[in-house]
Amino acid sequence: MTAPLLEARGLVKSFGANRVLRGVDVAVPSGSVTCLIGPSGSGKTTVLRSLNGLETPEVGTVRIGDVELDWATGPDARAVSRLRGQSGMVFQAHNLFPHLSVLDNVTAGPVFAQGRPRAEAQEEARALLARVGLADKADDYPVQLSGGQQQRVGIARALATRPQVVLFDEPTSALDPELVGEVLRVMQSLAAEGWTMVVVTHEMRFARQVADQVLFLDGGVVVEQGPPAEVLVEPREPRTRQFLQRLLEPL
Amino acid sequence: MSAIDWDLVRSSLGPLLDGLLRGTLPLTAVSFVLGLALALVLALMRLSGRRLVSAVARAYVSIIRGTPLLLQLFIVFFGLPSLGITLDPWPSAIIALSLNVGGYASEAVRGAILAVPRGQFEAAMTVGMGRTTTLRRVVLPQAARIAVPPLSNTLISLVKDTSLVSTILVTELLRKAQEIASPTFEFFTLYGVAAVYYWVVCLVLSFGQTRLETRLSRHVAA
């Protein structure tokens, strides 16, 4: 059996006196989709943001491909940015650059950060925009797009740096319900293409259909993990059952 | 006897315009550009994580804002020679005005940088940008829009503040008016014409501010 592409061990993180991660392990095989689910405050977003150093855990290691970081050693900015370079990220609030056109948003990473030739990056960006169904929006500005379109540009931007892993932080939570589907469909097709994805989400149907494994977090620990057919359908842990019950019957 | 000597108004229009074009406007432009550069440095110093660096910038801004510009001008022109540094009127004027503008504008620049949402920094980092690239490609273009109104204030104040350098013999609009007025005692007329010139310049700048704001806001949600 080959080593997982992404591996995090023993992540511990506190915000002040509040311990949000109490020793979290995540292993993501290449080409697989991992969904992180759990109630708000469970630490799932903090886990995701620890994988690319947007949060700095006090203890724990993160390895993506052959780049490894030991948080306990207080790594410098260069080491963190090397790890960060291994992944791309899609944000809940898309965080597109408002002053740049859609095309320039997608080429920003390749051109400004990776120093790739503009023409080549643009060609690739156009292909990525076509890939997310926005070939005709290249010259628009983010403000001209719908929420779902903005989020699809966000996905194209995350893919443009050719990351090994794509991290999604509740990519549909800020969208109007009728726009959720177009984003999830793009994500589903990326999974089918073999992209390695880690997704924080409340979309249980997506997790059911697309995830290879589901991690249920609560109180800063992974309470239960396994294939979606087990964790989401026949959970062993009472806390998982309670959480799923509340999602099904909010009232 | 009328308060305004219209013949004198007509004959002074040219010389005063000369003072405006060759004194006031270049002084304003050069001091503003140098001041802005200084302001950016000071703002970044204030925002840097290093305590000492940030404290130096904070002290600078405090001193500049806490002392009169006229005094700062006198220190540069009349004070520095005691330290063996003697500067001509023009360089003295530009140095004092730039240092002053830098202090005030740095607060506008700092505020504008802080107003750029956190998510923009994070997005820039996740596509691989370092600090300098993030600043140049993501943060400053957005901060520029936010900084236009307060920086326009600074610029318009500067236009009028340049009149203070008439005290160190720099020939600009106000000094020109004084020179023409002195032998004739037509102070009301000459200062009136000078006032109109200042006002027109500020009107044009206000108009430019509105245009610039519209242009920079074109990609931002209404």
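The values are calculated or read from the model by the stated rules, or taken from the named source; none is laboratory data. Just so you know, these numbers come straight off a predicted model, no measurement behind them. Every residue, glycine among them, receives a Cβ derived from its backbone with ideal geometry; neighbour counts consider all protein chains shown. Just the protein is used for accessible areas: all its heavy atoms, side chains included, with ligands, DNA and RNA removed. Shrake-Rupley method; radii C 1.70, N 1.55, O 1.52, S 1.80 Å.
Taking the Cα centre of segment B:18-162 as origin, work out the dipole magnitude from +1 charges on Lys and Arg Cβ and -1 charges on Asp and Glu Cβ, in debye rounded to 20.
Charge dipole, segment B:18-162, about its Cα centre: 600 debye, nearest 20.
Pick from B:Gly130, B:Gly35, B:Gly23: which residue has the top mean-square fluctuation in a GNM of chain B where Cα pairs under 10 Å get a spring?
Checking each option, the largest mean-square fluctuation is seen for B:Gly130.
If the elastic network links every pair of Cα atoms under 10 Å, which of A:Val233, A:Val33, A:Val183 fluctuates the most in the Gaussian network model of chain A?
In the Gaussian network model the winner is A:Val233.
Just the number, please: percent antiparallel of the DSSP beta bridges in chain A, rounded to the nearest 5.
For chain A, the DSSP antiparallel bridge percentage is about 55.
Please find, in a Gaussian network model of chain A (springs between Cα atoms separated by less than 10 Å), the residue of A:Leu11, A:Leu179, A:Leu21 whose mean-square fluctuation is greatest.
A:Leu179
Run down the lysines and flag those whose C-alpha is under 16 Å from the C-alpha of A:Lys137, throwing out any fewer than 8 positions away in its chain.
Straight-line reach from A:Lys137, under 16 Å: no lysines qualify.
Heavy atoms only, 1.4 Å probe, whole protein assembly: order A:His94, A:His202 by accessible area, highest first.
Order by accessible area, largest first: A:His202, A:His94.
Just need the relative contact order of chain A here, percent rounded to a whole number, with Cα pairs under 8 Å and 6+ apart.
Worked out over chain A, it gives 25 percent.
Relative contact order of segment B:147-222: what whole-number percent is it, with Cα pairs under 8 angstrom and at least 6 residues apart?
Computed value for segment B:147-222: 36 percent relative contact order.
Over segment A:119-251, what is the relative contact order in percent, taking alpha-carbon pairs closer than 8 angstrom and at least six residues apart?
That works out to 16 percent.
Which value, in debye to the nearest 20, describes the size of the charge dipole of the protein assembly as shown about its Cα centre when Lys and Arg Cβ atoms bear +1, Asp and Glu Cβ atoms bear -1, and nothing else is charged?
Its charge dipole is roughly 600 debye.
Out of B:Leu99, B:Val165, B:Gly128, whose Cα points farthest toward the positive end of the dipole of segment B:91-177 (charges: +1 Lys, Arg; -1 Asp, Glu; placed on Cβ)?
B:Gly128
Would you mind giving the total buried accessible surface between chains B and A, with a 1.4 Å probe and ligands, DNA and RNA left out, rounded to the nearest 100 Å²?
1700
I'd like the distance separating the alpha-carbon centroids of segment B:163-222 and segment A:1-60, in whole Å.
After rounding, the separation between the Cα centres reads 60 Å.
Which lysines does B:Lys160 reach when only Cα atoms under 17 Å apart count, and residues fewer than 8 places away in its own chain are ignored?
Of all the lysines, those that pass the test against B:Lys160 - Cα under 17 Å, at least 8 places apart if same chain - are B:Lys176.
Between segment A:134-166 and segment A:76-133, what is the C-alpha centre distance in whole Å?
Computed from Cα coordinates, the inter-centre distance equals 9 Å.
Distances longer than 29 Å among the Cα atoms of the protein assembly as shown: what percent of all pairs is that?
60
What does the helix-only formula give at 222 nm for chain B: each DSSP H stretch with n ≥ 4 adding -39500 (n - 2.57), the total divided by the residues, and the result rounded to the nearest 500 deg cm²/dmol?
Theoretical 222 nm ellipticity from helices: -24500 deg cm²/dmol.
Near A:Lys13, which lysines are there with a Cα under 29 Å away, not counting those fewer than 8 places off in the same chain?
Filter leaves A:Lys44.
Out of A:Gly88, A:Pro57, A:Leu103, whose Cα points farthest toward the positive end of the dipole of segment A:44-121 (charges: +1 Lys, Arg; -1 Asp, Glu; placed on Cβ)?
Farthest towards the positive end: A:Leu103.
Once you charge only the Cβ atoms, +1 for Lys and Arg and -1 for Asp and Glu, what is the size of the charge dipole of segment B:81-222 about its Cα centre, to the nearest 20 debye?
Here segment B:81-222 has a charge dipole of around 740 debye.
At 15 Å minimum axial length over the Cα atoms and a Kyte-Doolittle cut of 0.5, report the qualifying DSSP H helices in chain B, or say none.
Helices meeting the criterion: B:25-47, B:51-66, B:89-115, B:140-161, B:187-216.
Give the carbon-plus-sulfur fraction of the accessible surface of segment B:2-113 in %, rounded to a whole number; probe 1.4 Å, heavy atoms of protein chains only.
The computed percentage sits at 70.
What distance in nm separates the simple spin-label points at A:Arg236 and A:Glu120, each placed 7 Å from Cα in the Cβ direction?
Result: 4.9 nm between the two label points.
Which percent of the accessible area of segment A:56-103 is formed by carbon and sulfur heavy atoms (probe 1.4 angstrom)?
Accessible surface attributable to carbon and sulfur in segment A:56-103 totals 50 percent.
Once every Cα of segment B:132-179 carries one equal point scatterer and solvent is ignored, give the base-10 log of I(q)/I(0) from the Debye formula at q = 0.23, 0.27, 0.30, 0.33 Å⁻¹, two decimals.
Once normalised to I(0) and log-transformed, intensities are -0.78, -0.91, -0.98, -1.05.
Solvent-accessible area per residue for the protein assembly as shown at a 1.4 Å probe radius, Å²?
Averaged over the residues of the protein assembly as shown, the accessible area is 48 Å².
Whole number please: convex hull volume per residue, Cα atoms of segment B:71-222, in Å³.
In segment B:71-222, the Cα hull volume divided by residue count equals 139 Å³.
Separation between the B:Asn153 and B:Leu47 pseudo-spin-labels, each 7 Å from Cα along Cα→Cβ, expressed in nm?
Here the answer is 1.9 nm between the modelled labels.
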